[in-house]
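Just below is one structure, and these are the notes that go with it.
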Amino acid sequence: MLLTITTTYSPATDLGYLLHKNPARLQSLEIAGGQAHIFYPEATAERCTAALLLDLDPVGLVRGRAGSSGDGFALEQYVNDRPYVASSFLSAALSKAFGTAMNGTCKDRPNLPEQALPLEVKVAVVSAPGPDWPRRLFEPLGYDVQLETTPLDPTRPEWGDSRYYTLQLRHAGLRLQDVLTHLYVLLPVLDNDKHYYVGENEAEKLLRKGADWLPQHPERDFITRRYLRYLAAYVNPTLKRLLEDEEGAEPTLEAEPVDASAITAPVTAETVAADSPEPKLSLHDQRLQQVADEIYQLGPKRVLDLGCGEGKLLRLLLRQPKIEFILGMDVSHQALSRAAQRLHLDEMPPRQRARLDLIQGSLLYRDERLAGFDAAALVEVIEHLDENRLAALEGVVFGQARPAHVFVTSPNADYNQLFEKLNAGEFRHTDHRFEWTRAEFAAWAAGVAERHGYQLRLESMGEEVAGVGAPSQMAVFDVA
Amino acid sequence: MPQDTIKLPELSLIILIGSTGAGKSTFARRLFKPTEIVSSDACRGLVADDENDQSASQDAFELLHYLVAKRLKRGLLTVVDATNVQAEGRKPLIALARQYHVLPVAIVLDVPDSVAHQRNALRPDRKHMGPHVVARHRQDLRKSLRNLKQEGFRHIHHLRGVEEVDAVQSIVRDRLYNNRQDETGPFDIIGDVHGCYDELLTLLGHLGYQVEAEPMADVRDLGVRVTAPAGRRAVFLGDLVDRGPASPQVLRLVMSMVRDGSALCVPGNHDIKLLRHLNGKKVTANHGLAETLAQLESEPAAFGGQVRQFLDGLVSHYVLDGGKLVVAHAGLTEDMQGRGSGAVRAFALFGESTGEIDDFGLPVRYEWAREYRGRALVVYGHTPVPDPEWLNNTIDIDTGCVFGGRLTALRYPERELVTVPAAQVYCEPARPLNYRAAALQPEVLAGEGDLSGQQQHDDLLDIRDVTGKQFIETRLMRGVTIREENAVAALEVMSRFALHPKWLLYLPPTMSPTETSDLPDLLEHPAEALAYYKQLGVERVVCEEKHMGSRVVVVIGKDEEAIRRRLGLVGEGIGKCYTRTGRNFFTDPELEMAFLARLRDALTTAGFWDKFNTDWVCLDAELLPWSAKAQELIKNQYAAVAAAANAALPQVEAVLTQAATRELDGVEALLARTMARRAAATDYAEAYRRYCWPVNGLDDLRLAPFHLLATEGQTYFDRDHAWHMETLRTLALADPGLLRATPYRVVPLNDPAEVEAAIQWWTELTAAGGEGMVVKPYDFVASNRKGLLQPALKCRGREYLCIIYGPDYLLPGNIERLKQRNVKAKRNLALREFALGVEGLERFVAGEPLRRVHQCVFGVLALESEAVDPRL
């Protein structure tokens, strides 16, 4: 990974004072994950270039980490792009190597830091979700942005370009400390990965470094979200504090899925749609509210939330005093831990705690724990199973557990044409195994109802659009 | 003369009754194992730190009852050391005995007050106990004595005075009548005869029994003598009488066989009803009893008495063959097997009914077998079925002979059915024999009417079989423990990504690399693998070329019918090809179908089906190219890293070159290192490209099978690897375009020249870009005195490893550190997964219920979630 900063300020060698690094020497320092080398490939009065070369230790990066077995995080693997890409490692190196410059102090030339300089920055290489992103991040700050693309594999032209770019930024006149701060914040945002745990002080850091420019940046939501990746809880409060002075701005953000790295990302068309600027209840929240409302109306005592995920529906159900007991089940242990966290299960007062239980389970295995409930909800669950496994789900829920009422929701494929970013035949979520049209859903539901002695009612969920229906659909089964 | 021994059933709940100071604890300690005694004083101590704290009594007794319940549940004799002088104290204990079908026994230690006082006075902790305590206890005890029998005690031993108490020197534990675990068979188990004598004779004939008439000189003579084939023994499942034409003859024959030891017999409900009649009880002569009584009238008067005596002596059920076989007329749940109580007897005779009455006016039977999970095979009758069907290791062999069906015997341990058709319909059934097929269980899934009961049952596995900590007994290792956290991970993977569990017969074990090589610039070298086996006493190994593709297990049938018949899957095609995590290899259904059809044709061309007398096969194989499955991974990770390196490093080189002209100290070294990294990145790109070729269709796929795992009724773990290689090489000839034979060589480890040649072979393979080789002991399952050996070790090439350890792995400073790796955990895992894999497949070919197979497959998946270095 290489970063060069060039100026043609006169005298250009003032860059050495600003950076607090002597142009006549190669300096090396230890940084997180390896070494940083600072040197000047050219240093004349007309033109001076400082280079920051990161030499990350690929073995140390992997070996130094506790735990193993991939959660998709790049550092789990020896084969990873970290040694070549500008990432949070670069930010860490920037603040260590050029900390004084970033703070705007220069002992020898006290006025120099305030001086706007003609600057040229080259980063080899950045990783970006697409060629437009470097522009969207840097152009609003006044940079001229040039990108050089790299093919994924020159012997496989059909694979196209890689996500790596050589980034060149030019600015006619800017303080060096501003450039460094921009790079410090925005390079990891482009890369969308952090080598360290993101804690609360990361949010503070962003507030500090971005105070001057981030509130006005058109991509501030994107920047905030990605900078504080893995930390959805901080997104809204941080943004709020950033925007405190702007009147009435109250953005609603859907938390990005935690595993939203490029490789494993379940990118959902719905969350993309939910990114639209108008503050409104997301489609998913609407769905949950509708299911919760319908469940209340039945006055059940014991309710199952099958595939409860992080517990949004559980929270709605808990508010309903007549429900005596709620059992949330999910196949993902991780989702259950987050649900427990979000619902503050550990700190719940005993009476409330006794109303809720979370268990890991699978809808493909017969499970005695699911017997004896009045109502069960399966909100956006079935489409995550292969179609030929639905028979097992049917047996478990309708044959064995047999709650008096079952609510099953699923996306309506007829509606998909309205999602701009969705190509024909694509699903809204990468983990969806199928998405049914209204007719397909109705046929399945009718079969289930008949085989197991339930009465069936079909409802649409969300705003109806002529010809394609509503975004989601629900089947309500009442035991006959 | 006081008795010096007390006889007790081997499984009983012994309740000591006596006042404080009566000597109960001493008595118990003298005659029972310390662990068999549950004492109220000890429980008080546990919950209150004071054995005499009476305020803790309630908690102490809750604990005592809990301990007693746990012991009884596990079938252990238990002694309750508490005063137990009051009926209300004994009541919950008797209830526990009933709940666990254990016989309650009372031993009363009835000593004079003076003795009790004296003893208490000698104990510092009881010194201050008032005399009224003992007096009250004795008073309660006297009141109790009269009622013990009524309370439910079957055995009462009243020891009067110190002398009688001290006289007891030993406890004799009587075996329960139903415990015949030492009888190992082989057995011929015969279903409900119901007076069908002719059919019974024919059946016995088929089974090899010789039946001869015997002169009846004495009233005790039964007129018939049966000689069993060598070593075999018949077992009658009861309902010998009623409805049929010749109940007395059947009784004579069975009584004769039981008397001379050639048969065992358990009673059926009809037999017991007849017994009640013979005992003079008033019974309604319906359901065929009238016929039996009429037939008995022409028998000599003494015969009735003999029958009465015979039936009276029958034991509700038998546990045979070390606990592996249970016979009972109507079956028996696991918690009742080998136990004795009225409830056990009632279940064995009548089964369990739900209390509902069906359309035919008969009680609806609770199908206990559907939930049966016991270790023992249960053979039973009572409910006529059109065909005997295995379900969860149980089988009902009452095929309704008297209703015009058949008389059936099960040969054990062969598990073969022998059957004789009824000569005629002797009695019209109240409900048709096949009524159950007409009213299938509610959760039977759509379109699966053609499946067997077991296959339908297997459509839904139970979560209990896979969650929580599991302990799996395997034939290769004594027990494999699956930790809960691993099961948690596996449940998610299995549920979200795996195929229908019916496809998953086997998951391959992980494979450890050889120990790290001492040679410079190499992490792995065959010398270590060969030395490993040699040192463990292996004489020969097989070295196989390692293909770089995707590991797959292929399960394929001759046609869809074979898959329906054997796997119980309908509409899922003729086979599946799945990955190490049970996921379908193919995402394109058309390509999948074409691939499987071509493989099936190759098997047919090779004459495989006939040669192995099977209509399905399970293969362990590598599917090439790597890019067929891993294309996205290759693009996102492998190619991406090369792209990043090739974009960044030339620019670094350029800047350093420029800096070098300024003669800065240290720049030359950085430049040299950068150039080395650039070269490494180029090599790395070459390495991954070698295993990728575009897959546009079937013609671009290659399957390299290397283990023939199983066919109908058989696994091939007993064949050596050379056999597997040769068998599959022959198969590959049938379609060389699809199938690739794996090059291999057998290496005798004590021949240095051969060992050297094998190393040379590896060197050439890897130099030419091969991944490396796998070294396996010649025998599929190899072990020495210390246990199982690694089933295989991989030895990967120098170039290949850069796609595992990264482009820079050979650079100075890196390789030295990478050599610090430990294969121990990986090897441990490989052994456990191997044992589980073999176990699962063995269970499958033996026809065990899916849950028993799935448990092993799930276990392999769970173990795979254990944290081991993924590079190994």
### Task
May I have the extent of the alpha carbons of segment B:222-281 along their three principal axes, as whole Å values ordered from largest to smallest?
41, 21, 20
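To the nearest 0.05, how large is the calculated FRET efficiency for residue A:145 and residue B:53 if R₀ is 56 Å and r is the Cβ-Cβ distance?
The calculated FRET efficiency here is 0.10.
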### Task
Can you tell me how much longer the chain between residue A:437 and residue A:221 gets when fully stretched, taken as 0.36 nm per residue apart minus their C-alpha distance, in nm with one decimal?
74.3 nm
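Rounded to whole Å and ordered largest first, report the semi-axes of the equivalent ellipsoid of segment B:57-166 derived from its Cα gyration tensor (root of 5λ).
Values: eigenvalues 136, 59, 33 Å².
Equivalent ellipsoid of segment B:57-166: 26, 17, 13 Å, largest first.
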### Query
If one computes the Cα centroid of segment B:767-837 and of segment A:373-420, what distance in Å separates the two points?
44
### Task
Please determine, in degrees from 0 to 90 and to the nearest 10, the orientation of helix B:247-259 with respect to the longest principal axis defined by the Cα atoms of chain B, where the helix direction is its Cα long axis.
70
### Message
At 222 nm, what value in deg cm²/dmol follows for the protein assembly as shown if DSSP H runs of at least 4 each add -39500 (n - 2.57) and the sum is divided by all its residues, to the nearest 500?
### Response
-10500 deg cm²/dmol
### Summary
Taking the square root of 5λ for each eigenvalue of the C-alpha gyration tensor of segment B:627-690, the equivalent ellipsoid has semi-axes, largest first and in whole angstrom, of 31, 10, 6
### Message
Under 14 Å from a point placed 7 Å out from the Cα of residue B:535 along the Cα-to-Cβ direction: which residues of segment B:485-524 have their backbone N that close?
### Response
B:514-518
### Query
Pairing the Cα long axis of helix B:197-206 with the longest principal axis of chain B, what angle in degrees results, from 0 to 90 and rounded to the nearest 10?
40
### Task
Please give the residues of segment B:741-780, grouped as numeric ranges, whose backbone N is less than 15 Å from a label point set 7 Å along the Cα-to-Cβ vector of residue B:683.
B:766-770
### Query
So how much slack lies between residue B:212 and residue B:301, counting 0.36 nm per residue of separation and subtracting their Cα-Cα distance, in nm?
29.7 nm
#### Entry: Convex hull of the protein assembly as shown built on C-alpha atoms - directionally averaged projected area, nm²
66.4
### segment B:124-196: projected area of the alpha-carbon convex hull, averaged over directions, in nm²
11.2
## Note on the structure
Sorted on mean Cβ neighbours within 10 Å (highest first), peptides B:69-76, B:387-394 come out as B:387-394, B:69-76
### Message
Loop only by DSSP, 15 or fewer other Cβ within 10 Å of the Cβ. Give me the trypsin sites (Lys or Arg not before Pro) in segment A:288-331 that pass, ordered by residue number.
### Response
A:301, A:319, A:322
### Task
Could you compute the FRET efficiency for residue A:404 and residue B:431, with r as their C-beta to C-beta distance and R0 at 25 Å, rounded to 0.05?
0.20
### Message
Can you give me the distance in nm between label points at residue B:163 and residue B:632, each placed 7 Å from the Cα along the Cα-to-Cβ direction?
### Response
9.0
### Task
Determine how many Å³ per residue the convex hull of the Cα atoms of chain B encloses.
247
### Summary
Given pairs B:576/B:629; B:502/B:824; B:635/B:776 and cut-off 22 Å on Cα-Cα distance, the over-length ones are B:502/B:824; B:635/B:776
### Query
What distance in nm separates the simple spin-label points at residue A:322 and residue B:373, each placed 7 Å from Cα in the Cβ direction?
3.7
### Task
Apply the Karplus parameterisation 6.51 cos²θ - 1.76 cosθ + 1.60, with θ equal to phi minus 60°, to every residue of segment B:546-556 and state each ³J(HN,Hα) to the nearest whole Hz, in sequence, with x for glycine and proline.
8, 8, 9, x, 10, 5, 9, 10, 10, 10, 9
### Message
Kirkwood hydrodynamic radius, segment B:689-781, all distinct C-alpha pairs: what's the number in Å?
### Response
15.4
### Task
Using a 10 Å cut-off on Cβ to Cβ distances, tally the other chain neighbours for every residue of B:649-660 and report the average as a whole number.
5
#### Entry: Sparse-neighbour loop sites [chymotrypsin sites (Phe, Trp or Tyr not before Pro); segment A:73-173; at most 13 other C-beta within 10 Å; DSSP]
none
### Task
Starting from the amide H of residue A:42, placed 1.01 Å from N in the peptide plane, find each other amide H under 5 Å away whose residue is 5 or more places distant or on another chain.
A:49
#### Entry: Residue-wise HN-Hα coupling along segment A:47-52, computed from phi with Karplus coefficients 6.51, -1.76, 1.60 (Hz; x: Gly, Pro)
8, 9, 10, 9, 10, 10
#### Entry: Estimated vicinal HN-Hα couplings, Hz - segment B:578-587 in sequence order (Karplus 6.51, -1.76, 1.60; Gly, Pro = x)
10, 8, 5, 10, x, 8, 4, 5, 8, 10
### Task
Out of all DSSP beta bridges with both ends in chain B, state the antiparallel percent to the nearest 5.
60
#### Entry: Separation of the residue B:663 and residue B:756 label points, Cα + 7 Å toward Cβ, nm
5.5
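If I take R0 = 56 Å and measure r between the Cβ atoms of residue A:204 and residue A:388 in this structure, what FRET efficiency does the formula 1/(1 + (r/R0)^6) give, to the nearest 0.05?
The calculated FRET efficiency here is 0.65.
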#### Entry: Counting all C-alpha pairs of segment B:445-587, share separated by more than 28 Å (%)
41
### Task
Loop only per DSSP, at most 15 neighbouring Cβ atoms within 10 Å: give me the trypsin sites (Lys or Arg not before Pro) in segment B:126-192, ordered by residue number.
B:127, B:146, B:154, B:175
### Query
What full-extension length gain, to one decimal in nm, is calculated for residue B:452 and residue B:588 as 0.36 nm per residue of separation minus the Cα-Cα distance?
45.9 nm
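I need the shape label for segment B:339-393. Rule: rounded when a/c is under 1.5, else prolate if a/b > b/c, else oblate, with a, b, c from the alpha carbon gyration tensor.
Oblate, because a/c is 1.5 or more while a/b does not exceed b/c.
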### Message
Quick query: amide H of residue A:358 versus all other amide H atoms, modeled in the peptide plane; which residues come in under 5 Å with a sequence gap of 5 or more or a different chain?
### Response
A:328
### Task
With N set to the residue count of segment A:283-479, report its C-alpha Rg divided by 2.2 N^0.38 Å to two decimal places.
1.00
### Summary
For segment A:2-196, the Kirkwood Rh over every pair of distinct alpha carbons, in Å, works out to 17.5
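Classify segment A:282-387: rounded, prolate or oblate, from the alpha-carbon gyration tensor (a ≥ b ≥ c, eigenvalue square roots; a/c under 1.5 rounded; otherwise prolate if a/b is larger than b/c)? Don't skip to the answer; put the middle values down first.
Numbers: a/c = 1.27, a/b = 1.16, b/c = 1.10.
The shape class here is rounded.
In terms of the Cα gyration tensor, with a ≥ b ≥ c the square roots of its eigenvalues, is segment B:191-306 rounded because a/c is under 1.5, prolate because a/b exceeds b/c, or oblate?
prolate
Values in this text are rule-based calculations from the coordinates and carry no lab data. Please read these numbers as outputs of a predicted model, since none were measured by experiment. Note: ideal-geometry Cβ built from the backbone for every residue, glycine included; neighbour counts use all protein chains shown.
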